[in-house]
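What follows is a short report on a single structure.
None of the figures in this text is laboratory data; all of them are computed from the coordinates on show. On a predicted model such as this, the values are computed, not experimentally measured, just so you know. Ideal geometry is used to build each Cβ from the backbone, glycine not excepted, and the neighbour counts take in all protein chains shown.
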Amino acid sequence: MKTKNIRAYAVSYEDDASQGFEHLAYILSLDESESLFTNARMSGKVKFEDRAGRNFTLIRQNDGDFLIKKRHSWL
């Protein structure tokens, strides 16, 4: 598992979710990514997809950090 920062949030992810990390870190605007982090912080998790249609979930962990998990199309 890798952990890197996106806009001061510690975000962990496995290799299969690296596109989700890149989407949050480099593609989305500040307002778009901040909205995802806020929603995940409030509700515990938020689903999102990148521009290629790959599905991910941003999950708030108990320690306040975040985790990106890849979702499969049948979930």
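List the pairs whose first member sits in the stretch 30-46 and is in contact (Cβ under 8 Å) with a residue 12 or more places away in the chain and more than 15 Å from residue 61 (Cβ to Cβ), whose second member is among the acidic types (Asp, Glu) and exposed (fewer than 14 other Cβ atoms within 10 Å of the Cβ), and whose Cβ atoms are under 8 Å apart, counting only residues at least 6 apart or on separate chains?
none
Show me the strands (runs of 3 or more DSSP E) found entirely inside the chain where at least 3 residues are within 11 Å of the chain's Cα centre (by Cα), of a type outside the set (Gly, Ala, Ser) and surrounded by fewer than 17 Cβ atoms within 10 Å (Cβ to Cβ).
45-49
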